[in-house]
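**Student:** One structure, pasted below without further comment.
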Amino acid sequence: MKIKVPASTSNLGPGFDTLGLALDRYLELSVEVVDTKNSPEIIVKGNGVEHIAADKTNLVYQGMVAVAKHAGTELPSLRLSLNNGIPSCGGLGGSGAAISGGVFLANEILDVKLSREEMLNIAVGLEGHPDNVSAALMGGLTINCFDNGSVRCRSVKIAAPLSVVACSPRFQVLTKEARKILPKEVLMKDAVRNIENVASLVASLIQGDVDALRYATSDTLHEQYRASLIPGFDDVKKAALDAGALSFNISGAGPTVFCFAVSNEKEIGSAMVKAFAAHGREASCEMMRVENEGARAITK
Ligand code: HSE
């Protein structure tokens, strides 16, 4: 069986650990049950192959194992092929897509009949936060909250003709490090500001009120700390906004940054790449659209 799982951006500025947005770049996975003593056989192609494990620590495989455990069964001997079309520079939901893809695949081949929300909860157990895994499984804009330890997710389809212009500088920021530098406590006024913005942001994305993205994407909880991990952050932001971007945020934990735009996408991408270059950082950009569908089978 073969499936595809979308990339995603998360946080979207004020929605730290809460909002995800699926994007039209994909991790493709196929699995065959084979007679081998070396299960899992894992073949990796596409972006970032050098960073993708081809043994039992592989995140797709870990997702599959988690479903087998949940169902009280074991995986058969298998050959797993990954073709990664998700830019691997960090911040576009590569690990979330891998975990979610593994969960989705195992649910199919073991015929466990989990709902998407049950799959999501298993994936969150591995990823630690729901934003990217929810977008990978549900598609669209995902809005997550915890209820007695379980994730509840709403996914809404986004009809606005928005482009997501992402720019990835060529260095790594480990999510663990990018989480460690955040303060343990925040000021009430900053928390209130984020609540205001995230509520406005969700409404504006649903209503297609793209002008509101100019203010509703601002964040007071994490980006000011994480910007220090991205050389040239302020100049790249200015370059993007001057070139016509509606917004500018860190994608997930970075180092990828992204803008919403409805025009000038090429100019915005080039402006960001140039601004990173002025800080001695090579970068590449991707122009993407929202993907309103989550993980799905391509062939049985
Ligand atoms: N919400 C997460 C964070 C996304 O910002 O740390 C990274 O995977």
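Each row is one residue, and each column tells you yes or no for (1) surrounded by fewer than 16 Cβ atoms within 10 Å (Cβ to Cβ); (2) among the polar types (S, T, N, Q); (3) closer than 20 Å to ILE143 by Cβ.
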residue: TYR215; (1), (2), (3): yes, no, yes
residue: PHE233; (1), (2), (3): no, no, no
residue: LYS237; (1), (2), (3): no, no, no
residue: ALA243; (1), (2), (3): no, no, no
residue: ALA253; (1), (2), (3): no, no, yes
residue: SER263; (1), (2), (3): yes, yes, no
residue: GLU286; (1), (2), (3): no, no, no
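**Student:** Now, a different point. Just to be sure I understand the filter: pairs with C-beta atoms under 9 Å, separated by 6 or more residues or on different chains, first member in region 117-137 and within 15 Å of ASP17 (Cβ to Cβ) and without any contact (Cβ under 8 Å) to a residue 24 or more places away in the chain, second member part of a helix (DSSP H, G or I) and away from the ligand (no atom under 15 Å from the Cβ). Which pairs pass?
**Tutor:** Taking only residues 6 or more apart or on different chains, not a single pair turns up.
**Student:** Restricting attention to region 271-300, report how many residues are touching a residue at least 24 places away in the same chain (Cβ under 8 Å) and either in contact with a His (Cβ under 7 Å, 6 or more places away or on another chain) or more than 30 Å from LEU110 (Cβ to Cβ) (or both). Give the steps one after another, and end with the answer.
**Tutor:** Initially, region 271-300 is screened for residues touching a residue at least 24 places away in the same chain (Cβ under 8 Å), giving 271-276, 278-300.
So of that shortlist, the ones also either in contact with a His (Cβ under 7 Å, 6 or more places away or on another chain) or more than 30 Å from LEU110 (Cβ to Cβ) (or both) come out as 271-276, 278-290.
Final tally of qualifying residues: 19.
**Student:** Return the residues of region 108-143 that are in a helix (DSSP H, G or I) and within 13 Å of the ligand (Cβ to nearest atom); say none if nothing qualifies. Break it down into steps so the answer makes sense when it comes.
**Tutor:** Quick first cut of region 108-143, residues in a helix (DSSP H, G or I) only: 108-109, 116-127, 131-138.
The answer is ALA123, VAL124, LEU126, GLU127, ASP131, ASN132, VAL133, SER134, ALA135, ALA136.
**Student:** Filter region 31-64 for residues that are under 22 Å from GLU291 (Cβ atoms) and out of contact with any helix residue (DSSP H, G or I) (no Cβ under 9 Å at 6 or more places or on another chain) and give the result.
**Tutor:** The answer is LYS45, GLY46.
**Student:** Follow-up. Quick check, is PHE104 outside any helix (DSSP H, G or I) and either within 16 Å of the ligand (Cβ to nearest atom) or touching a residue at least 40 places away in the same chain (Cβ under 8 Å) (or both)? Show your work before the answer.
**Tutor:** On the way: outside any helix (DSSP H, G or I): no; either within 16 Å of the ligand (Cβ to nearest atom) or touching a residue at least 40 places away in the same chain (Cβ under 8 Å) (or both): yes.
So PHE104 does not fit the description; no.
**Student:** Could you look through region 27-77, keep only residues that are among the charged types (D, E, K, R) and more than 19 Å from ILE298 (Cα to Cα), and pick out the one that is least open to solvent (accessible area, probe 1.4 Å)? Spell out how you get there, then give the answer.
**Tutor:** Of all residues in region 27-77, those among the charged types (D, E, K, R) come to 28, 32, 35, 37, 41, 45, 50, 55-56, 69, 74.
Filter again for more than 19 Å from ILE298 (Cα to Cα), leaving 35, 37, 41, 50, 55-56, 69, 74.
Values: ASP35: 161, LYS37: 200, GLU41: 55, GLU50: 138, ASP55: 77, LYS56: 119, LYS69: 158, GLU74: 151 Å².
Among residues in region 27-77 that are among the charged types (D, E, K, R) and more than 19 Å from ILE298 (Cα to Cα), the one least open to solvent (accessible area, probe 1.4 Å) is GLU41.
**Student:** So which of LEU21, LEU12, LEU75, LEU27 is in a loop (DSSP other than H, G, I, E, B) and within 16 Å of the ligand (Cβ to nearest atom)? Can you show your working first?
**Tutor:** On the way: LEU21 fails: in a loop (DSSP other than H, G, I, E, B); LEU75 fails: within 16 Å of the ligand (Cβ to nearest atom); LEU27 fails: in a loop (DSSP other than H, G, I, E, B).
Answer to the selection: LEU12.
The values are calculated or read from the model by the stated rules, or taken from the named source; none is laboratory data. These numbers come from a predicted model, not from an experiment. Positions of Cβ are backbone-derived with ideal geometry, glycine not excepted, and every protein chain shown enters the neighbour counts. Surface accessibility is based on the protein's heavy atoms, side chains included, excluding ligands, DNA and RNA. Shrake-Rupley method; radii C 1.70, N 1.55, O 1.52, S 1.80 Å.
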